[in-house]
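Trainee: The structure that follows is given in the form of structure tokens.
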Amino acid sequence: MVILEDTRNKPSKNKHIREQLEELGYKVERSKIYCGDYTWAIDQKVCIDTKQDLQEVVSNVVHDHERFRAECVRANEAGIQLVILICDPKIKDLSQVFGWYNPRLRYSKKATTGVQLGKILYSMREKYGVQFQFATKDNLGRRIVELLS
């Protein structure tokens with residue numbers, strides 16, 4: 001089976017994901033896709049958007065909120081299940097985000113806390129149907145396949 005990787009993804013940044021998918025027996029082709037970073041070539045009802053860590057998620061949902069929200073709305077309106085797959089070695093599910101400590105709090109009291117981020121993500125899930133899932137760096141490929149299936 002063929003998995004599409006969005007051409008807006010930098011090939012060097014996600015080489016490890018492509019390698020994991022290929023080791024699992026999937027062919028990875030680069031193509032512009034409607035939303036997210038990965039989807040099946042033959043059925044794009046589920047799209048996976050990978051995030052390198054919770055700090056990238058904070059950047060998306062707080063600092064670049066309108067662009068991120070627009071992508072969630074667009075996917076929802078198109079009948080696509082958008083899954084945000086966050087790479088984190090400790091967090092296994094969305095409820096654990098509330099206990100996340102943002103290292104930027106050491107430098108700024110205005111930095112987003114885990115409680116604030118958790119509330120934002122739960123709200124986005126309810127409003128736009130977007131899912132937030134978690135994986136470790138070494139099992140991103142397997143999780144992508146699981147979530148697409």
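Trainee: Any idea what the dipole of the range 72-149 comes to, in debye rounded to 20, about its Cα centre with Lys/Arg Cβ at +1 and Asp/Glu Cβ at -1? Kindly include the intermediate steps, with their values, before the conclusion.
Mentor: Numbers: 13 positive and 6 negative charges, 89 e Å.
The calculated dipole for the range 72-149 is roughly 420 debye.
Trainee: Then there is this: Per residue, how many Å² of accessible area does the chain show with a 1.4 Å probe?
Mentor: Details: 8240 Å² over 149 residues.
Ligands and nucleic acids excluded, the figure is 55 Å² per residue.
Trainee: Same structure again: Expected output is a single nm value to one decimal: the length gained when fully extending between Lys27 and Thr136, i.e. 0.36 nm times separation in residues minus the C-alpha distance. What is it? Present the calculation step by step, with values, prior to reporting the outcome.
Mentor: Working: separation 109, 0.36 × 109 = 39.24 nm, distance 2.16 nm.
Additional length available on full extension: 37.1 nm.
Trainee: Let me ask you something else. Determine the dipole magnitude for the chain: charges of +1 sit on the beta-carbon of Lys and Arg, -1 on that of Asp and Glu, nothing else is charged, the reference point is the Cα centre, and the result goes in debye to the nearest 20. Working shown, then result.
Mentor: On the way: 25 positive and 20 negative charges, 120 e Å.
With Lys and Arg at +1 and Asp and Glu at -1, about 580 debye.
Trainee: Here is a follow-up. Apply the Karplus parameterisation 6.51 cos²θ - 1.76 cosθ + 1.60, with θ equal to phi minus 60°, to every residue of the range 69-80 and state each ³J(HN,Hα) to the nearest whole Hz, in sequence, with x for glycine and proline.
Mentor: My calculation for the range 69-80 gives 4, 4, 5, 5, 5, 4, 4, 4, 5, 8, x, 9 Hz in order.
Trainee: May I pose another question? Compute the label zone of Ser108 within the range 57-86: residues whose backbone N is under 19 Å from the point 7 Å along Cα-to-Cβ.
Mentor: Under 19 Å, as judged by backbone N against the label point of Ser108, lie 57-68 of the range 57-86.
Trainee: So, one more: Would you mind checking which residues have amide H under 5 Å from Ile86's amide H? H placed 1.01 Å from N; only 5 or more apart, or other chain.
Mentor: Hits under the 5 Å cutoff: Lys51, Gln133, Phe134, Ala135.
Trainee: In addition: Which is farthest toward the positive dipole end of the chain among Val73, Leu94, Thr112, measuring Cα position about the Cα centre, with Cβ charges +1 (Lys, Arg) and -1 (Asp, Glu)?
Mentor: Thr112
Trainee: Among (i) 10.5; (ii) 8.7; (iii) 7.7, which is the computed mean projected area of the Cα convex hull in nm²?
Mentor: (ii)
Trainee: Next up: For Lys27, give me every one of the aspartates and glutamates with a C-alpha distance below 16 angstrom, ignoring sequence neighbours fewer than eight places off in its own chain.
Mentor: Glu5, Asp6, Glu19, Asp37, Asp43, Glu146
Trainee: Same structure again: Can you pull the one-decimal nm distance between simple spin-label points at Lys13 and Ser123, each 7 Å off the Cα toward Cβ?
Mentor: 2.6 nm
Trainee: As a test of reading the structure, rank His63, His16 by solvent-accessible area (1.4 Å probe, protein chains only), most first. Can you show the working numbers first?
Mentor: Details: His63 140, His16 55 Å².
Result, largest first: His63, His16.
Trainee: Over 18 Å between Cα atoms: which of Lys51/Lys137; Lys51/Lys92; Lys10/Lys32; Lys10/Lys90 fall into that group? Don't jump to the answer; show the numbers that get you there.
Mentor: Numbers: Lys51/Lys137 11 Å; Lys51/Lys92 14 Å; Lys10/Lys32 12 Å; Lys10/Lys90 26 Å.
Distance filter (> 18 Å) returns Lys10/Lys90.
The values are calculated or read from the model by the stated rules, or taken from the named source; none is laboratory data. This one's a predicted model, so the numbers in the text were calculated from it and none came from an experiment. FYI the Cβ positions are ideal-geometry reconstructions off the backbone, even for glycines, and counts take in every protein chain you see. Ligands, DNA and RNA are stripped out before the accessible areas are found, and what is left, the full protein with its side chains, is counted by its heavy atoms. Shrake-Rupley method; radii C 1.70, N 1.55, O 1.52, S 1.80 Å.
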